[in-house]
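Only one structure is covered here, and it is reproduced in the block below.
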Amino acid sequence: LAKAPVTAPPNTVDGFVKQFLDNLNFGQGVALSASGVNDQYLALARTVRDYLMARWLETVRRQLVSQAKGVCYLSAEYLLGRQLGNSLLATGLEDVAAEALAECGIDIADLRAQEVEPGLGNGGLGRLAACFIDSLATMSVPSIGYGIRYEYGIFRQTFEDGQQVEKPDRWLSMGSPWEFPHPEAAQTISFGGRTEQYDDDGVTRTRWIPDWDVLAIPYNYMVPGYLNGRVNTLRLWSAQATKAFDLRIFNAGDYAEAVRAQTFAENISKVLYPEDSTPQGKELRLQQQYFFAAASIADFLDVVLPPDYDLTKLPDRAIFQLNDTHPVIAVPELMRQLVDVRGLEWEQAWEITQGCFAYTCHTLLPEALEVWSVDLLGRLLPRHLEIIYRINEEFLAAVRERYGDDELRVRNMSIIGEHPERSVRMAHLATVASVKVNGVAELHSQLLREKVLHDFHEFYPGKFTNVTNGITPRRFLRLANKSLSELITDALGPGWVTDLDRLRELETYAEDPEFRERFAEVKASNKRRLNRVLLERDGLEVDDTHMLDVMVKRLHEYKRQMLKLLHIVTLYDGIVSGRVPISEVTPRTFIFGAKAAPGYRIAKDIIHLINKVGSVVNADPAVEGRLKVLFPPNYNVTLAERIIPAADLSEQISLAGKEASGTGNMKFALNGALTIGTDDGANVEIRQLVGDDHFFLFGMTEPEVEELAAKGYVPSDFYRADPNLRSAIDLIASGAFSGGDRSVFEPVISNLLYNDRFMVLADYAAYIAAQERVDAAYADADTWTRSAILNVARCGFFSSDRSMRDYIDRIWHTPPSF
Ligand code: 26W
């Protein structure tokens with residue numbers, strides 16, 4: 001293989017101007033004088049791309065030559081955020097590009113603002129995948145990300161009279177300059193039909209005779225490492241109708257039917273399911289999962305591996321990391337490829353398969369554990385169901401051999417569940433097939449071992465491990481918080497960006513009054529920037545003299561946005577009832593950001609209620625502007641990058657034992673917000689690292705939650721016993737936030753009083769008390785700033801570079817390669 005002949009344009013302002021103008025003239029076909037801002041954005045994006053191209057081709061070449069063991073990260077979601085800023089950062093071109101564009105009379109900030117982020121994920125799980133591929137590129141680890149190129153990503157959220165209304169996310173409508181389609185490398189993916197046995201030279205084999213298929217077209221995206229000359233690949237699949245599919249119908253003269261068929265096939269990658277934490281047993285969703293899992297496996301076997309590769313060596317060449325259960329159908333698919341297509345013996349194929357997969361679980365909620373009905377799976381993927389049955393048969397035989405006829409245990413461990421209908425438990429299949437199974441924070445992994453997958457932990461000692469999540473310091477510190485980054489670099493030099501443990505050295509600076517002053521000024525300037533952004537985006541105002549108290553994450557009952565809201569209503573109630581003198585109220589601006597799954601009724605009611613409380617509180621003169629509730633719509637990665645650096649207080653208040661890890665919690669702490677939080681997910685580790693004095697802990701522990709549940713939790717008891725709580729709930733129930741209409745929020749109130757699955761009322765008093773400690777601490781600005789600096793200094797552990805090192809050491813064994 002020849003060395004890549006491509007060279008990058010000269011790394012100078014003149015070189016950049018020339019390349020930019022070439023891209024504008026020859027790429028976009030417009031003159032500078034006639035160009036619009038979108039033309040300019042596209043030309044700029046292509047210019048930055050040109051600088052990355054030689055590195056990309058070289059990375060691909062080296063990976064092909066070395067055939068070193070690499071990671072195939074399989075994820076149905078990648079929540080990438082904007083690409084331009086990150087590409088400029090990775091290439092070290094930020095200043096050159098800004099100067100070059102200024103020479104052309106263009107403000108680069110206007111072009112950056114033009115980019116629509118690819119929102120190809122729901123929340124934590126998708127953003128984690130994006131952080132991980134960034135770290136893998138930065139650490140020079142051979143790897144490829146596989147996923148789906150949804151034509152519509154997560155919906156765009158708007159509010160109408162305070163209620164969420166979903167609009168389609170047309171992220172591709174202005175063209176995406178970051179993708180490279182390769183129709184010539186399409187894979188054909190089949191569905192449906194039946195299986196049959198046939199005689200192959202005296203051996204009975206099985207083949208699948210599917211009845212329809214689609215093309216999977218790969219679109220490649222660059223994943224640039226930070227200033228290291230490496231560019232990895234993210235390969236997302238897009239569905240296209242096969243020729244055979246519509247020609248047959250076309251020839252029969254039925255044009256409408258042909259178009260319908262085409263639409264049917266192409267629907268597979270049309271839209272991201274916006275459900276978070278409750279799998280919808282939708283056929284299309286299973287189609288999506290198989291579509292990308294099968295295309296990725298085939299791509300790896302046919303395109304990435306050399307021809308005549310000895311497949312028994314596959315575990316030394318590749319590890320397929322399953323990002324939750326969404327890609328788990330890849331397990332029977334690899335078996336099918338090895339046994340049916342490539343003629344290996346079952347036993348040998350199973351040994352290979354078991355050496356090639358690893359599974360990360362991202363949840364603890366039982367309703368989020370994916371299952372597929374045998375009926376549906378058998379109809380869509382008949383051969384895969386047979387394979388799953390055989391895997392299960394052999395697995396259960398081993399279980400019986402170990403435990404005798406403990407049929408209860410056998411039933412609990414089976415890959416096939418019987419109730420409420422026969423179905424395939426994808427987490428069990430993943431666990432049986434994987435080298436390692438990991439949770440995403442210490443507490444989460446412990447609960448997996450002790451509860452959710454306890455029998456499996458006993459059966460496979462050593463299979464379970466923990467890798468605590470992380471976040472990329474490139475996007476969430478260096479890019480999002482330039483002023484803090486400069487302050488840190490002034491103190492420590494630039495090395496911290498790829499060696500985040502070095503932030504420890506800031507501990508001594510926390511004792512320096514001048515440094516504290518500069519740090520406080522950074523926070524204030526970030527609030528002013530947020531004010532500008534929200535004013536322009538949504539007409540919202542952020543007062544930079546207020547404490548900024550932020551809760552941004554998906555709307556889910558277990559995360560308890562309701563608890564935050566009860567705090568706000570309690571403060572407001574204190575003011576309007578005259579119980580609390582207004583001068584004693586700490587001025588606070590509350591910011592919410594949250595999308596609710598479109599079908600999640602109660603979550604949407606909570607959004608409505610937050611907005612209505614905001615309208616009343618913000619407009620009430622009695623409040624004297626001391627409390628403000630802001631809920632900018634359509635929280636996404638781009639907005640996160642603006643909000644998080646401005647925050648003083650980070651709300652991480654899930655019921656203990658429900659949030660697997662959280663990653664927003666890490667982003668806030670790393671940007672110098674103090675956390676008010678429960679003992680849940682990675683909060684536990686954040687608190688251990690930053691220290692109790694710099695973290696506001698409250699609420700029940702996980703064992704206490706279990707205890708309360710066991711003795712029978714009666715939420716209304718808490719309502720009756722606490723006059724503040726009663727008064728706050730009564731205020732909502734009275735219609736004070738719904739123009740006197742008591743029916744509007746009745747479902748929310750009833751749910752709290754008579755159900756309250758996530759024990760909001762039980763933790764209310766502790767939360768209010770903790771918020772009082774927050775107020776007291778905030779009153780001493782300098783001490784607060786010191787705590788904020790110590791949060792930054794002690795959170796280097798949460799770099800996703802560290803997470804990747806842990807995966808490499810404990811699971812993948814894929815060292816960096818150049
Ligand atoms: C199929 C429906 C569905 C969709 C998404 C079920 C479950 C999910 C994910 C598992 C939800 C998710 O994003 N989980 C989050 O993963 C983050 C990264 O590990 C964690 O930080 C969060 O705590 C966890 O909720």
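Every number in this text was worked out from the coordinates using simple rules, so none of it is lab data. Computed from a prediction, not measured in an experiment: that's the story for all the values here. When we count neighbours, we look across all protein chains shown, and the Cβ atoms used for this are built from the backbone with ideal geometry, even at glycine.
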- How much length is gained on full extension from residue 212 to residue 601, taking 0.36 nm per residue of separation minus their Cα-Cα distance? 136.4 nm
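What's the local net charge at residue 774, with K and R +1, D and E -1, over the other residues with C-beta under 11 Å away? Mind dumping the intermediate values first?
On the way: positive: 588, 773; negative: 549, 648, 651, 772, 775.
With Lys, Arg at +1 and Asp, Glu at -1, the neighbours total -3.
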- Message: Looking at the chain only, what percent of DSSP beta bridges run antiparallel? Nearest 5 please.
- Response: 45
- Task: Enumerate the calculated ³J(HN,Hα) couplings along the stretch 605-614 in order (Karplus 6.51 cos²θ - 1.76 cosθ + 1.60, θ = phi - 60°), each rounded to whole Hz, writing x wherever the residue is Gly or Pro.
- Result: 4, 5, 4, 4, 5, 4, 4, 6, 4, x
- Task: Would you kindly derive the ³J(HN,Hα) couplings of the stretch 400-414 from the backbone phi angles with the Karplus curve 6.51 cos²θ - 1.76 cosθ + 1.60 (θ = phi - 60°), listing them in order in whole Hz, with x for Gly and Pro?
- Result: 5, 4, 7, 10, x, 8, 7, 5, 5, 5, 4, 5, 5, 8, 3
- Item | Amide H partners (placed H, <5 Å) of residue 271, local residues excluded | 151, 152
- Could you tell me whether the stretch 662-777 comes out rounded, prolate or oblate from its Cα gyration tensor? Rule is a ≥ b ≥ c as square roots of the eigenvalues, rounded for a/c under 1.5, then prolate if a/b exceeds b/c, otherwise oblate. prolate
- Apply the Karplus parameterisation 6.51 cos²θ - 1.76 cosθ + 1.60, with θ equal to phi minus 60°, to every residue of the stretch 695-703 and state each ³J(HN,Hα) to the nearest whole Hz, in sequence, with x for glycine and proline. 8, 9, 8, 8, x, 5, 7, 4, x
- Report the charge-dipole magnitude of the stretch 724-807 in Debye, nearest 20, computed about the Cα centre from +1 at each Lys and Arg Cβ and -1 at each Asp and Glu Cβ. 280
- Task: Compute the distance in nm between two label points, each set 7 Å from the Cα along the Cα-to-Cβ direction, one at residue 254 and one at residue 312.
- Result: 5.0
- Say each of residue 159 and residue 773 gets a label point 7 Å from the Cα, pointing the same way as Cα to Cβ; how far apart are those two points in nm? 3.1
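Could you work out the relative contact order of the stretch 526-798, using alpha carbon pairs under 8 angstrom and six or more residues apart, expressed as a whole percent?
Working: 427 pairs, mean separation 56.3, N = 273.
It rounds to 21 percent for the stretch 526-798.
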- Label-point separation in nm, residue 280 to residue 166, each point 7 Å along Cα→Cβ: 0.5
- Task: For every helix of n ≥ 4 consecutive DSSP H residues, a contribution of -39,500 (n - 2.57) applies; sum these over the chain, divide by its total residues, and give [θ] at 222 nm rounded to the nearest 500 deg cm²/dmol.
- Result: -14000 deg cm²/dmol
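Subtract the Cα-Cα distance of residue 622 and residue 734 from 0.36 nm times their separation in residues, and report this length gain in nm to one decimal. Don't jump to the answer; show the numbers that get you there.
Values: separation 112, 0.36 × 112 = 40.32 nm, distance 1.91 nm.
Taking 0.36 nm per residue and subtracting the Cα distance, the gain is 38.4 nm.
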- Task: Over all directions, average the projected area of the Cα convex hull of the chain and note it in nm².
- Result: 37.5
- Query: If one computes the Cα centroid of the stretch 108-186 and of the stretch 545-569, what distance in Å separates the two points?
  - Reply: 26
- Item | Listed residue (268, 203, 252) projecting farthest to the positive dipole end of the stretch 197-283, Cβ model | 268
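Please state the charge dipole magnitude for the chain, taken about the Cα centre, from unit charges on C-beta atoms (+1 on K and R, -1 on D and E), reported in debye and rounded to the nearest 20. Spell out each step's value before the answer.
On the way: 85 positive and 112 negative charges, 173 e Å.
I would put it at about 840 debye.
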- Query: What does a probe at residue 264 reach in the stretch 209-233, counting residues whose amide N is under 13 Å from the point 7 Å along Cα→Cβ?
  - Reply: 211-214
- Could you tell me what percent of the DSSP beta bridges with both partners in the stretch 524-650 are antiparallel, to the nearest 5? 0
- Note on the structure: Counting only residues 5 or more apart in sequence or on a different chain, those whose built amide H sits under 5 Å from that of residue 675 are 650, 696
- Efficiency of FRET from Cβ geometry, residue 180 and residue 746, R₀ 56 Å, rounded to 0.05: 0.60
- Message: Going by Cα centres, the stretch 250-303 and the stretch 310-383 are how many Å apart?
- Response: 19
- Note on the structure: Residues meeting the amide H criterion for residue 661 (H placed from the backbone, H to H distance under 5 Å, 5 or more places apart or on another chain) are 682
- Note on the structure: Note, residue 438: beta-carbon cut-off 10 Å, +1 each Lys/Arg, -1 each Asp/Glu, net +2
- Task: Assign unit charges at the C-beta atoms only (+1 for Lys and Arg, -1 for Asp and Glu), then state the dipole size of the stretch 188-316 relative to its Cα centre in Debye, rounded to the nearest 20.
- Result: 440
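Assuming R0 = 30 Å, can you tell me the calculated FRET efficiency for the pair residue 704 and residue 502, based on Cβ-Cβ distance, to the nearest 0.05?
Details: r = 38 Å, r/R0 = 1.26.
FRET efficiency, residue 704 to residue 502: 0.20.
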